[in-house]
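Engineer: Encoded as structure tokens, here's the structure I'll be asking about.
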């Protein structure tokens with residue numbers, strides 16, 4: 001039987017993941033409008049996307065230590081306001097014809113989404129550990145479901161000629177209200193941070209000394225809680241966060257996340273445009289094809305937990321990479337639109353489980369989960385940094401569809417290092433955290 005507070009956190013996190021997907025894809029569905037209003041080429045749009053990747057990379061580098069120092073609830077609350085402001089700027093930029101304002105909105109969105117993703121993924125991994133079976137893909141399925149709804153909203157608003165500022169303004173306000181209601185319900189991981197362990201050890205030592213003093217009838221000075229002690233504890237927390245960058249397994253999981261982010265992120269950014277330019281379709285058709293990709297991801301994420309439980313992380317990740325690569329190639333070279341749709345479905349199915357598997361692997365040791373999730377998330381941000389300008393420039397020469405097939409190279413690399421997502425042995429987790437087995 002699952003504890004009520006774990007169930008509450010589980011469903012609250014599911015809604016928050018869905019909301020993040022809905023907000024993001026509702027804007028992505030209007031990218032052809034953004035491109036047209038600002039008269040941007042594919043290469044120029046890729047450079048604008050770069051602003052978001054820079055913001056994400058800057059913030060995700062420190063996200064793990066920020067979670068350890070201030071806690072997930074504080075970080076999620078601040079980010080909720082930041083995302084809403086960024087979303088408004090993303091609508092205002094195309095409205096007034098300002099590329100700079102659009103880039104600022106995308107930059108801030110990258111910053112605050114990165115600061116949201118780390119604590120949300122740490123908490124979902126905590127819920128998964130407490131339930132005792134693979135459920136992390138369900139949270140990412142919720143993101144995909146939200147993204148499907150958002151893409152459909154974008155398509156409907158485009159077809160109904162709803163002004164982009166009206167659409168994004170309403171979405172940002174509603175999203176902020178929902179986030180502020182749910183954030184207090186999602187923090188369930190009671191594992192101590194290094195800072196808290198230091199404080200707990202000092203308190204326990206002080207109590208032991210005081211008991212000895214009382215029994216002996218003497219007074220012995222104890223170590224006071226000085227500023228130096230506090231600073232040492234904070235340095236321990238920061239050192240724990242940065243130490244994850246020296247772990248070979250964590251870095252190779254980051255490579256898997258890099259390829260997954262390239263695949264999924266490029267679909268989010270370029271799929272609608274590739275359909276419009278590659279097959280001469282309308283913006284609403286492009287948004288619907290993005291929905292097809294997201295629906296395919298959602299179905300596999302919902303069913304994927306059984307595959308993981310039966311075949312293990314490594315086999316499922318390898319199969320996902322191969323499936324996604326086949327779908328990408330098919331979409332990129334398909335001579336007809338129906339065949340390209342088949343490629344979109346395979347691409348989405350293959351992209352579905354890679355990120356959840358990587359996050360779950362990085363979270364095997366709960367005491368280092370925040371630091372390691374921060375590291376692998378930085379790889380995702382780096383992929384977002386590299387993909388938009390590279391694909392944009394290549395697309396100007398070869399066309400967007402063919403440019404997307406470049407991602408296959410990274411998918412092959414991810415398959416080759418997939419064994420690193422295997423569950424961390426209990427003894428290894430205990431040794432890395434410095435804790436003894438209960």
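The values are calculated or read from the model by the stated rules, or taken from the named source; none is laboratory data. Computed from a predicted structure; not experimentally measured. Here the Cβ is made from the backbone with ideal geometry for all residues, glycine too, and neighbour counts use every protein chain on show.
Engineer: Against the conditions (1) touching a residue at least 12 places away in the same chain (Cβ under 8 Å); (2) under 26 Å from residue 392 (Cα atoms), where does residue 36 fall short? Just the number, please.
Structural biologist: Failing condition for residue 36: (1).
Engineer: If you don't mind, another one. Within the bounds of region 366-377, is there any residue that is closer than 30 Å to residue 61 by Cβ and surrounded by fewer than 24 Cβ atoms within 10 Å (Cβ to Cβ)?
Structural biologist: Yes, region 366-377 has at least one match.
Engineer: A further question follows. With the requirement that a residue be modelled with pLDDT of 85 or more, under 16 Å from residue 152 (Cα atoms) and either in a helix (DSSP H, G or I) or touching a strand residue (DSSP E or B) at 6+ places or on another chain (Cβ under 8 Å) (or both), what does region 277-289 give you?
Structural biologist: Of everything in region 277-289, those that are modelled with pLDDT of 85 or more, under 16 Å from residue 152 (Cα atoms) and either in a helix (DSSP H, G or I) or touching a strand residue (DSSP E or B) at 6+ places or on another chain (Cβ under 8 Å) (or both) turn out to be 285, 286, 288, 289.
Engineer: Next up: Would you say residue 327 is in contact with a helix residue (DSSP H, G or I) (Cβ under 7 Å, 6 or more places away or on another chain), assigned to a helix (DSSP H, G or I) and surrounded by fewer than 24 Cβ atoms within 10 Å (Cβ to Cβ)?
Structural biologist: No.
Engineer: Kindly indicate which of 360, 320 is without any contact (Cβ under 8 Å) to a residue 60 or more places away in the chain and either crowded, with 21+ Cβ neighbours inside 10 Å or not in a helix (DSSP H, G or I) (or both).
Structural biologist: Unique residue meeting the criteria: 320.
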